[in-house]
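The values are calculated or read from the model by the stated rules, or taken from the named source; none is laboratory data. Since this is a predicted model, take the numbers as computed values, not measurements. No Cβ is skipped: glycine too gets one built from the backbone with ideal geometry, and neighbour counts run over all protein chains shown. Only protein heavy atoms, including side chains, enter the accessible area calculation; ligands, DNA and RNA are left aside. Shrake-Rupley method; radii C 1.70, N 1.55, O 1.52, S 1.80 Å.
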Amino acid sequence: NAGVTQTPKFQVLKTGQSMTLQCAQDMNHEYMSWYRQDPGMGLRLIHYSVGAGITDQGEVPNGYNVSRSTTEDFPLRLLSAAPSQTSVYFCASSRGKAQYFGPGTRLLVL
Amino acid sequence: AQTVTQSQPEMSVQEAETVTLSCTYDTSENNYYLFWYKQPPSRQMILVIRQEAYKQQNATENRFSVNFQKAAKSFSLKISDSQLGDTAMYFCAFMKGRSNDYKLSFGAGTTVTVRA
C-alpha cells in the first residue's frame, strides 16, 4: 500500500493564480482532512470529509475549497492564491482515531 | 475549540539520556484521545504514541512513554535512551472521543535535538 500520497511536493505560485493540491489514499479510509503548517504553529485544520460527498470546514477554511467525489481522493483547491497561503500542506486519512499523514506539499505564493 | 499548549519551544539532550516534553490541554470533554507526533527533517508526520482518556494506564511504545494526568490536563512525553534519530519536532495533539469526530488540535511543537 502507498498510504497517503500528495502531489506536488513543491509549488511556486504567483498571487491570484489558482491550483489544486492532490491527495489520495489507498487504505479505504472514510475520513480525510487537510491541514496547514506554519512556522511556530502546529498544524491547523482547513477542511475535512467524513465520506464521499460530505465535506465540512475546519479552523481555517477561507480561501480553500474541497470536494470528495470518491473515497480515495480529496483535492484541495486554492481559487486565488495569496501570500498568506504560503505554507506546508498536509493531507491525512483515518478510519479509527489514529490519523495517517501524507508527506506534505510546500507551497510558496509570491 | 480545544487548546493544546506546549511550553517548551526547544530542548536538547545528550545521546542515551532521557528527555521529557510537556503538554497541557484545555477541554470540557470527558472522553478524548491524546497523541504525540514526531516530525523529523523529512517533514513526515509520524504517530509516536496515543492515549485514550478513559484508560488510566499510561501508554508506552518502546523508548517512548507518557505521563497522563487527566485531572491536571497534562500529557507529557518521555523519551528514554535518546538516539540521534530522535532529533525532530514533536507535536502534542488532542481529539474528541465522539464517533465520527476525527479533528485534531495541535500544540505549537517542541524541537528536540539529540547531541552525540
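Structure above, values below:
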{"quantity": "Segment A:70-88 - residue that is away from every other protein chain (no Cβ under 14 Å) and within 12 Å of A:M32 (Cα to Cα) and, of those, surrounded by the most Cβ atoms within 10 Å (Cβ to Cβ)", "calculated": "A:L76"}
{"quantity": "Residue among A:T15, A:T5 that alone is among the β-branched types (V, I, T), farther than 16 Å from B:F106 by Cα and out of contact with any Pro (no Cβ under 7 Å at 6 or more places or on another chain)", "calculated": "A:T5"}
{"quantity": "Contacts under 6 angstrom Cβ, first residue in segment A:89-103 being under 13 Å from A:V50 (Cα atoms) and more than 7 Å from chain B (Cβ to nearest Cβ), partner of a type in the set (A, V, I, L, M) and open to solvent by 10 Å² or more (accessible area, probe 1.4 Å), 6 or more apart", "calculated": "A:S93/A:V4"}
{"quantity": "Selection from segment B:1-22 of residues that are away from chain A (no Cβ under 11 Å) and part of a loop (DSSP other than H, G, I, E, B)", "calculated": "B:S7, B:Q8, B:E15, B:A16, B:E17, B:T18, B:S22"}
{"quantity": "Strands (runs of 3 or more DSSP E) contained in chain A and holding at least 1 residues out of contact with any strand residue (DSSP E or B) (no Cβ under 7 Å at 6 or more places or on another chain)", "calculated": "A:43-51, A:54-57"}
{"quantity": "Filtered residues of segment A:33-43 (kept if open to solvent by less than 20 Å² (accessible area, probe 1.4 Å) and at the interface with chain B (Cβ under 9 Å from one of its Cβ atoms))", "calculated": "A:S33, A:Y35, A:G42, A:L43"}
{"quantity": "Close pairs (7 angstrom Cβ cut-off, 6 or more residues apart or separate chains): more than 7 Å from chain A (Cβ to nearest Cβ) in segment B:94-108, among the β-branched types (V, I, T) anywhere", "calculated": "B:F94/B:V4; B:F94/B:T27; B:S105/B:V4"}
{"quantity": "Residue tally, condition out of contact with any strand residue (DSSP E or B) (no Cβ under 9 Å at 6 or more places or on another chain) and among the aromatic types (F, W, Y), over segment B:7-32", "calculated": "0"}
{"quantity": "Count of residues meeting criterion [part of a strand (DSSP E or B) and open to solvent by 40 Å² or more (accessible area, probe 1.4 Å)] in segment B:62-112", "calculated": "6"}
{"quantity": "Subset of segment B:1-55 [touching a Cys at 6+ places or on another chain (Cβ under 9 Å) and open to solvent by 60 Å² or more (accessible area, probe 1.4 Å)]", "calculated": "B:T5, B:S7, B:T24"}
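One line per residue, one yes/no per condition, for (1) among the aliphatic types (A, V, I, L, M); (2) under 22 Å from A:F90 (Cβ atoms); (3) in contact with a strand residue (DSSP E or B) (Cβ under 6 Å, 6 or more places away or on another chain); (4) modelled with pLDDT of 95 or more:
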position	(1), (2), (3), (4)
B:T5	no, yes, yes, yes
B:F35	no, yes, yes, yes
B:R43	no, yes, no, no
B:I49	yes, yes, yes, yes
B:F75	no, yes, yes, yes
